[in-house]
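Contents: one structure, followed by commentary.
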Amino acid sequence: MSQPLEKILNMTDIDEITEMVSTFLKKPVVIEDEQFSLLAYSSYYIEHFDLANQQTIFSKRWPIPILEKFMDEGIVDQLKTIPEPFRIKKMEEIGLNQRVVVSAKHKEQILGFIWVQELEGFLSESEMKFLHDVSFHIGKLLYQKNLKKLRKEEEKHQFYQKIIDRTYQTEDQIKWEAAKVKIILPEAFIINVFTVIQADEEIFAELNETVRLFANALSHPAHIFTNQQEIIVMIGSSSPAPGSLSEAAHELTNTVLSQSRQQTVYAGIGGEYASILKLRKSYAEALEVIKAAKFIGSPEELPYEYKKLWVFRYLEPIAQHNSQTNYVNEDVRKLQKKDLESQTTLLKTLEVYLLNNCRLKPTAEQLFIHTNTLKYRMKQITDLTSIDFDDFNTRCQLYIDLQLLKRKK
């Protein structure tokens, strides 16, 4: 056993170990936890860190563009499956120089990662073995640290679940209980909920991991917990400035859904509130978005945010009423028949036309067709139907019936 390795194996401070590894390898070193949050970096080589490392050090975690790139390139999967140190090629688009990475494991669990930027030459075989040996010691230290973290996280889970379950009746009671368990409440928050339609443990676990990875990469602190088949993300802020939390929730939703194309994932974003007593309200609002999306059967057809749910929240009772009264919109039925017989897209054209307040130019642009083509389609629609586009109530009814038609499909 080399002297540096022997010395490191007797050390318990992650920062000191990072400096020791960096000194021995003569290269910049970064250590992160299993969620890619920064734990330590070597201060001696700080000026040599590439842009990707600088962003990680500044934000204390991987920024979302870097995380997305690593997932798209399969690097995140490699980190989970390759036990030895391996190289990652240079990626100029995210400011990443070539580096070596090895997972820090203990009891078959991956607890973190050690990154070594390869400046002025590659690591030798003996240096790679040294790094591998060090990784087990770091894994053991992170495991011990993780046990305490998990206990604290479980306390948080139970605390926030009690708020959702209305165990606490007043805001003062919530603040009192938070103080007892040393939980710092956010000044403002928003709830983001994710779920999958398939009741499959493996699919749910994969979604949970994806949500945790990207929630951890947000610029706002996020707390994640599960309730049956729901993954609940509370995104918080230390200042009640409106808007920023909603943007973070949208960023998280869009990123998670882009990484989950093979599965039908439903997402909902509740309202943004300053009173912690309204945690349940924001949660219920997020669930209402998901309920509406499940009713339609296509999550991409609806907005993800409760305050933009608009008429979609009323579709289910309207559908029930239509079923009881045998209501059929004859104009929509005629256009549907024409589309089926002639392979036209008159229903889609009508919907986009309504969404653009019956304006030709933006409708044509959204449909990627010439204005003259749109005029021809609109003439077909008016010839086939009795629709009065000047009547507001007619336009509203048409839009509702078009949405319900999607569900029937």
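A few points about this structure:
- Ordered by the count of other Cβ atoms within 10 Å of each Cβ, fewest first, F392, F24 give F392, F24.
- Across region 388-397, coupling constants 3J(HN,Hα) worked out from phi with the 6.51/-1.76/1.60 Karplus curve, θ = phi - 60°, read 9, 6, 7, 8, 4, 5, 4, 5, 4, 4 Hz, and Gly and Pro carry x.
- Modelled this way, with points 7 Å down the Cα-to-C-beta line, the labels at A205 and K175 are 4.2 nm from one another.
- Label point distance in nm, K129-N357, each placed 7 Å from Cα along Cα→Cβ: 7.3 nm
- Additional length obtainable on full extension of the chain from E108 to Q229, 0.36 nm per residue less Cα span: 40.9 nm
- Helix-only [θ]222 nm of the chain, DSSP H runs n ≥ 4, -39500 (n - 2.57) each, per residue, nearest 500: -17000 deg cm²/dmol
- Of all lysines in the structure, the ones whose alpha carbon falls short of 17 Å from that of K308, not counting any fewer than 8 places away in one chain, are K281, K291, K294.
- Per-residue ³J(HN,Hα) for region 224-232, Karplus 6.51 cos²θ - 1.76 cosθ + 1.60, θ = phi - 60°, Hz, x for Gly and Pro: 10, 8, 10, 9, 6, 9, 10, 9, 9
- A cut-off of 5 Å between modelled amide H atoms, ignoring neighbours fewer than 5 places along the same chain, links A188 with S237, S239.
- Cα-based convex hull volume of region 69-215 per residue, rounded to whole Å³: 177 Å³
- The largest-to-smallest principal axis extents of the Cα set in region 231-289 are 37, 20, 14 Å.
- Gyration tensor over the Cα atoms of region 21-84: the corresponding equivalent ellipsoid has semi-axes (square roots of 5 times the eigenvalues, largest first) of 21, 15, 10 Å.
- Charge context of I369, other residues only, Cβ under 15 angstrom, K/R +1, D/E -1: +4
- Here is the list for region 165-248: trypsin sites (Lys or Arg not before Pro) lying in DSSP coil, each with at most 14 other C-beta atoms within 10 angstrom of its C-beta, are R166, K182.
- Label-point separation in nm, Y44 to S239, each point 7 Å along Cα→Cβ: 3.9 nm
- Computed across region 186-312, the Kirkwood hydrodynamic radius from all distinct Cα-Cα pairs reaches 14.3 Å.
- Centroid-to-centroid, using Cα positions, region 113-180 and region 323-346 are 56 Å apart.
- Taking the DSSP beta bridges with both ends in region 179-322, the antiparallel portion is around 95 percent.
- Comparing A364, A267, A52 in a Gaussian network model of the chain (Cα springs below 10 Å), the most mobile by mean-square fluctuation is A364.
- With 19 Å as the limit on Cα-Cα distance, the pairs of K334/K361; K152/K175; K338/K379; K69/K89; K107/K156 that go past it are K334/K361; K107/K156.
- Kirkwood Rh (inverse of mean 1/r, distinct Cα pairs), region 111-155, angstrom: 12.4 Å
- Which of Y353, Y168 has the fewest Cβ neighbours within 10 Å, and the rest in rising order: Y168, Y353
- Most mobile of P299, P28, P317 in a GNM of the chain (Cα contacts under 10 Å): P317
- Expressed as a fraction of 2.2 N^0.38 Å, the value expected for a compact globular protein of N residues, the C-alpha radius of gyration of region 130-232 is 1.31.
- Subtracting the Cα-Cα distance of K90 and Q380 from 0.36 nm times their residue separation leaves 98.8 nm of extension gain.
- Available extension along the chain between R212 and K60 is 53.2 nm, counting 0.36 nm per residue and deducting the alpha carbon span.
- Region 247-303-region 364-401 distance, computed between alpha-carbon centres (Å): 31 Å
- Where the alpha-carbon atoms of the chain are placed on the principal axes, they occupy 88, 54, 38 Å, in descending order.
- Angle in degrees between helix 244-258 and the longest Cα principal axis of the chain, rounded to the nearest 10: 90 degrees
- Alpha carbon convex hull of region 328-408, projected area averaged over orientations, nm²: 5.1 nm²
- Three semi-axes of the equivalent ellipsoid, region 3-148, Cα gyration tensor, whole Å, largest first: 21, 18, 15
- Amide H contacts under 5 Å for H106: L111, restricted to partners 5 or more places along the chain or on a different chain, H placed in the peptide plane at 1.01 Å from N.
- Per-residue ³J(HN,Hα) for region 188-193, Karplus 6.51 cos²θ - 1.76 cosθ + 1.60, θ = phi - 60°, Hz, x for Gly and Pro: 8, 7, 8, 9, 10, 10
- Amide H within-cut-off set for R61, under 5 Å, with H built and near neighbours excluded: L38
Computed from the coordinates by the stated procedures, all read-outs in this text should not be read as laboratory data. Remember, predicted model here, so these are calculated numbers, not experimental data. All Cβ positions, even for glycine, are placed from backbone atoms using ideal geometry, and neighbour counts span all protein chains on display.
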